[in-house]
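Chemist: My structure is below; once you've seen it, I'll send some questions.
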Amino acid sequence: MGVILTGFVPSVSTKLATNRAVPAQSKLSPDAALRELMDGNRRFTSGHLTTYEEDLAILKQKTSEKQEPFAAVLSCADSRVPVELVFDQSIGHVFVTRVAGNFVTPEIIASLEYGAAVLGTKVILIMGHAACGAVKATIQGKQVPGQISALYLHIQPAVDQAGPDLEAAIKANAKIQAALLRQASTVVSSLIKENKLKAVSAYYDIASGSATILG
Ligand SMILES: [Zn+2]
């Protein structure tokens, strides 16, 4: 761990775009929802964040009664992966679930099903990230205190598939978890069949701030 963030310094004070039009969730297709996330990531890496002013405006509007997120993200708990910031999305736009190692459990699936079936998210992104400590520890099989090793069980299939290369195992894990979600959730799989939802895996490079869709 202990990776120093270099290569991107989004300058909030000098490069704020003004009032980017926020797409209405009901009008977004799954492809458009994914595009909106990736466009946000490009704004993030180029230092053209738009969400800071939006967030402040949204807070003032008291839109606290309901949420209409267009996308859901399953991310690692790692502090170097600030999901809303990475995709330049403001309050109410992204439904985020997080667990160290970004793997699906019944509770995570339940949360993502709620996001898709009740809130209407159009895309689910399962996102691993560079230098993931949970995947690294699984590869090493290190003795760890308490219940930390409970994470290993979920990540081991990726290590079995990809071998000891950290980046390969992280990418394999994101793909395996996306496949597991599509398999285990009848809610997700039927929405995908009806072209109302996409569930894709991604890799986040913590040095550049760039998110890449995995094949
Ligand atoms: Zn991680």
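A short reminder: the numbers here are calculations on the coordinates, not readings from a lab. Source: prediction; values computed, not measured. In this analysis, Cβ positions are derived from the backbone assuming ideal geometry, glycine residues included, and neighbour counts consider all displayed protein chains.
Chemist: Sorted by average packing, counted as other Cβ atoms within 10 angstrom per residue and highest first, what order do 51-57, 135-141 take?
Modeler: Details: 51-57: 16.7, 135-141: 19.0.
By packing density, highest mean first, the sequence is 135-141, 51-57.
Chemist: Assuming 0.36 nm per residue, please report the length gained on full extension of the stretch Leu59 to Arg42 beyond their Cα-Cα distance. Intermediate values should be presented prior to the final figure.
Modeler: Numbers: separation 17, 0.36 × 17 = 6.12 nm, distance 2.49 nm.
Separation in residues times 0.36 nm, less the Cα-Cα distance, equals 3.6 nm.
Chemist: While we're on this one: In vacuum, with every alpha carbon of region 96-201 counted as one equal point scatterer, what does the Debye formula give for log10 I(q)/I(0) at q = 0.11, 0.14, 0.21, 0.24 Å⁻¹? Two decimals, please.
Modeler: -0.35, -0.54, -1.03, -1.22
Chemist: Additional query: Expected output is a single nm value to one decimal: the length gained when fully extending between Ala77 and Lys136, i.e. 0.36 nm times separation in residues minus the C-alpha distance. What is it?
Modeler: Values: separation 59, 0.36 × 59 = 21.24 nm, distance 1.43 nm.
Contour length minus Cα-Cα distance gives 19.8 nm.
Chemist: Assigning unit charges at the beta carbon (Lys, Arg +1; Asp, Glu -1) and nothing else, what dipole magnitude in debye, to the nearest 20, does region 137-215 show about its Cα centre? Could the numbers behind the result be given before it?
Modeler: Details: 7 positive and 5 negative charges, 62 e Å.
For region 137-215, the charge dipole is close to 300 debye.
Chemist: If amide H atoms are built 1.01 Å from N in the plane of the peptide, which residues on other chains or at least 5 residues away come under 5 Å of the amide H of Ala202?
Modeler: For Ala202, whose amide H was placed from the backbone, the distant partners under 5 Å are Ile126, Met127, Gly128, Leu214.
Chemist: Turning to a different aspect of this structure: With springs only between Cα atoms under 10 Å, which of Arg98, Arg35, Arg43 fluctuates most in a Gaussian network model of the chain?
Modeler: Arg35
Chemist: Just to confirm my numbers, what's the Cα centroid distance between region 28-72 and region 103-170 in Å?
Modeler: About 25 Å separates the Cα centre of region 28-72 from the one of region 103-170.
Chemist: Looking at region 90-215, what % of its DSSP beta bridges pair antiparallel, to the nearest 5? Spell out each step's value before the answer.
Modeler: Numbers: 4 of 11 bridges.
Within region 90-215, antiparallel bridges account for around 35 percent of the total.
Chemist: Which listed residue (Asn173, Val187, Thr212) has the Cα farthest towards the positive end of the charge dipole for region 139-215, taking +1 on Lys and Arg C-beta and -1 on Asp and Glu C-beta about the Cα centre?
Modeler: Toward the positive end, the furthest listed residue is Val187.
Chemist: Taking θ = phi - 60°, what integer Hz values does the Karplus form 6.51 cos²θ - 1.76 cosθ + 1.60 yield along region 157-165, in sequence order, with x for Gly and Pro?
Modeler: With the stated coefficients, region 157-165 comes to x, 5, 5, 4, 6, 9, x, x, 6 Hz.
Chemist: So how do Asp88, Asp160 line up by other beta-carbon neighbours within 10 Å, fewest first? Please report the intermediate quantities before stating the final value.
Modeler: Working: Asp88 26, Asp160 11.
With the fewest neighbours first, Asp88, Asp160 line up as Asp160, Asp88.
Chemist: Would you please classify the overall shape of region 47-131 from the alpha carbon gyration tensor, given that a ≥ b ≥ c denote the square roots of the eigenvalues, rounded means a/c under 1.5, and beyond that prolate means a/b larger than b/c while oblate covers the rest? Display every interim value, and only then the final one.
Modeler: Details: a/c = 2.36, a/b = 1.24, b/c = 1.90.
Oblate, since a/c reaches 1.5 and b/c is not below a/b.
Chemist: For the chain, evaluate the Debye formula with one uniform point scatterer on each Cα (no solvent term) and list log10 I(q)/I(0) at q = 0.10 Å⁻¹, rounded to two decimals.
Modeler: Scattering profile of the chain, log10 relative to I(0): -0.44.
Chemist: Additional query: If you place +1 on the Cβ of every Lys and Arg, -1 on the Cβ of every Asp and Glu, and leave all else neutral, what size is the dipole of the chain about its Cα centre, to the nearest 20 Debye? Please list the in-between numbers first.
Modeler: Values: 20 positive and 18 negative charges, 36 e Å.
The dipole magnitude comes to about 180 debye.
Chemist: Further question on the same structure: At 222 nm, what value in deg cm²/dmol follows for the chain if DSSP H runs of at least 4 each add -39500 (n - 2.57) and the sum is divided by all its residues, to the nearest 500? Numbers along the way, then the final one.
Modeler: Numbers: 8 runs with 87 residues, N = 215.
About -12000 deg cm²/dmol.
Chemist: How much of the DSSP beta bridge set in the chain is antiparallel, as a percent to the nearest 5? Mind showing how you got there, number by number?
Modeler: Numbers: 4 of 21 bridges.
Taking every DSSP beta bridge with both residues in the chain, the antiparallel ones total about 20 percent.
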